[in-house]
Amino acid sequence: MDFQYSEKVEALRTRIRHFIDTEIAPAQATYLTQLEATPWATPPVMDALKAKARAQGLWNLFLPREHGTLGAGLTNLEYAPLAEETGRYLIAPEVFNCAAPDTGNMEVLAKYASPEQQARWLKPLLAGEIRSAFAMTEPAVASSDATNIETSIVRDGDDYVVNGHKFYISGAMRKSCEILIVMGKTDPDNADRYRQQSMILVPTRTPGVTVTRAMGVLGYLDEPEGHAEVLFENVRVPAANIILGEGRGFEIAQGRLGPGRIHHCMRLIGAAQHAFELMCRRANTRIAFHQPLSRHGSVREDIAKSYCEIEQARLMTLKAADVMDREGNKAAKELIAMIKITVPVMAQHVIDRAIQIHGALGVSQDTPLAHFFAYARMVRLADGPDQVHLMQLGRDLARRFE
């Protein structure tokens, strides 16, 4: 096993790190100021940063090589350290057009959509001209089991009519969100409960689509994308908007969530690494009881444990990416489950230690630590809660010894 990044990846990582340090980090204050004025609109400075990133070829890095010229042509293993770099700053993934939920939606469209659907929606998403959302979670059912979804998608002549209630639909609050990928049931009575669901493209401004409110995440509204509660009331869209065909929704969801899970883990490792570095700097400069914090044994232990945990998570994530590249996403499902279980918890622990070492400053708006912590905690629910992954992984492992 080769533990060194290739020259190609190192060169890209150096370029991304330089761009983050020289362009993104200095622009954060301006971004936040502009965001306060219009919370659900993309700040103008973001558009300027995206234009610069695209001009430098630092664009659509997430799309795996299998999709050819649509992305940067990288493997999952090559993308992992680059995604880690973008995870160090909350606004960085969007700058490179590598932000969720658009990454997962673009993969869905690239892998499953018709040429007409790709021309209408994938092309502007790849260009960073519009944003999107993925509408699966519902408040009335346990959405961790996607077969519970109750939203109805009913064929009526040349159209489908959508009715349902969704919430925590990330990205749907943003004014530039133009398209929703909606999961619902076209055949609720099918004996095969994995063939009841379908996915359909619903333009955000279709009559009957109502964004009722923004849902908070540990007090954060995550402007400008937000997490919306959305009602679909007799929403009529063309039959051509169905993705892949009726009854394929569960299949598409599984194809989408694997890459989405590993991308979250890659970015969280970057957030944890940034928190670790802030922790070490604070420990070296803050004087308590007549000496720097770094001379106190408990602080040194926190630093050492955090470093070990980040490196363990990084290596496991790289292994998952490598298996995805060599053997496919299905072969990597156990590793993907393992990192989805362990990486967000690791990030929570590291960020929590960093907060503690910073004292009251750590929970303030003057560091990114509190927002990092909220992100890590949210990912323990996003794309399937910990308990589902633990249950399925434990089941599959036990079966090996039957």
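Against the definition (over 19 Å from the mean Cα position of the chain (by Cα), in contact (Cβ under 8 Å) with a residue 40 or more places away in the chain, crowded, with 22+ Cβ neighbours inside 10 Å and not in a strand (DSSP E or B)), how does residue 41 come out, yes or no? Criteria not met by residue 41. Can we say residue 252 is over 18 Å from residue 92 (Cα atoms) and within 19 Å of the chain's Cα centre (by Cα)? It is true that residue 252 is over 18 Å from residue 92 (Cα atoms) and within 19 Å of the chain's Cα centre (by Cα).
Rundown of residues vs (1) over 24 Å from residue 172 (Cβ atoms); (2) buried (at least 22 other Cβ atoms within 10 Å of the Cβ); (3) in the same structural domain as residue 328 (by TED's automatic domain parsing); (4) touching a Pro at 6+ places or on another chain (Cβ under 8 Å), yes/no style:
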position: 56; (1), (2), (3), (4): yes, no, no, no
position: 85; (1), (2), (3), (4): yes, yes, no, no
position: 92; (1), (2), (3), (4): no, yes, no, no
position: 97; (1), (2), (3), (4): no, yes, no, no
position: 100; (1), (2), (3), (4): no, no, no, yes
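Residue 189 meets all of the listed conditions (1) surrounded by fewer than 21 Cβ atoms within 10 Å (Cβ to Cβ); (2) farther than 17 Å from residue 253 by Cβ; (3) in contact (Cβ under 8 Å) with a residue 24 or more places away in the chain but one, namely (3).
Mind checking which residues of segment 121-139 are touching a strand residue (DSSP E or B) at 6+ places or on another chain (Cβ under 8 Å) and surrounded by 13 or more Cβ atoms within 10 Å (Cβ to Cβ)? Within segment 121-139, 121, 124, 125, 130, 131, 132, 133, 134, 135, 136, 137, 138 qualify.
Among residues of segment 243-256 that are in contact (Cβ under 8 Å) with a residue 60 or more places away in the chain and closer than 17 Å to residue 336 by Cα, those with a beta-carbon under 8 Å from a residue that is crowded, with 19+ Cβ neighbours inside 10 Å and polar (S, T, N, Q) at least six positions away or on a different chain give the pairs 253/197; 255/329; 256/105.
Mind checking which residues of segment 183-211 are aliphatic (A, V, I, L, M) and over 30 Å from residue 36 (Cα atoms)?
183, 191, 199, 200, 201
Please note which strands (runs of 3 or more DSSP E) are completely contained in segment 124-212 and include at least 3 residues that are β-branched (Val, Ile, Thr). Walk me through it before giving the result.
Details: elements: 131-135, 152-156, 159-170, 177-185, 197-203.
Here the list reads 159-170, 177-185.
Residues that are over 21 Å from residue 217 (Cβ atoms) and modelled with pLDDT of 95 or more number at least 1 in the following helices (runs of 4 or more DSSP H) confined to segment 300-402: 333-358, 386-399. Got at least one residue in segment 267-283 being over 22 Å from residue 102 (Cα atoms), free of Cβ contacts under 8 Å to residues at least 60 places away in the same chain and touching a Phe, Trp or Tyr at 6+ places or on another chain (Cβ under 8 Å)? So far as segment 267-283 goes, no, none of its residues is over 22 Å from residue 102 (Cα atoms), free of Cβ contacts under 8 Å to residues at least 60 places away in the same chain and touching a Phe, Trp or Tyr at 6+ places or on another chain (Cβ under 8 Å). Screening segment 1-38 for residues that are surrounded by 12 or more Cβ atoms within 10 Å (Cβ to Cβ), more than 15 Å from residue 86 (Cα to Cα) and not polar (S, T, N, Q) and picking the one that is farthest from the chain's Cα centre (by Cα) gives 5.
The values are calculated or read from the model by the stated rules, or taken from the named source; none is laboratory data. Note that the structure is a prediction, hence the values are computed from the model and not measured. We place every Cβ from the backbone using ideal geometry, glycine too, and count neighbours over all the protein chains shown.
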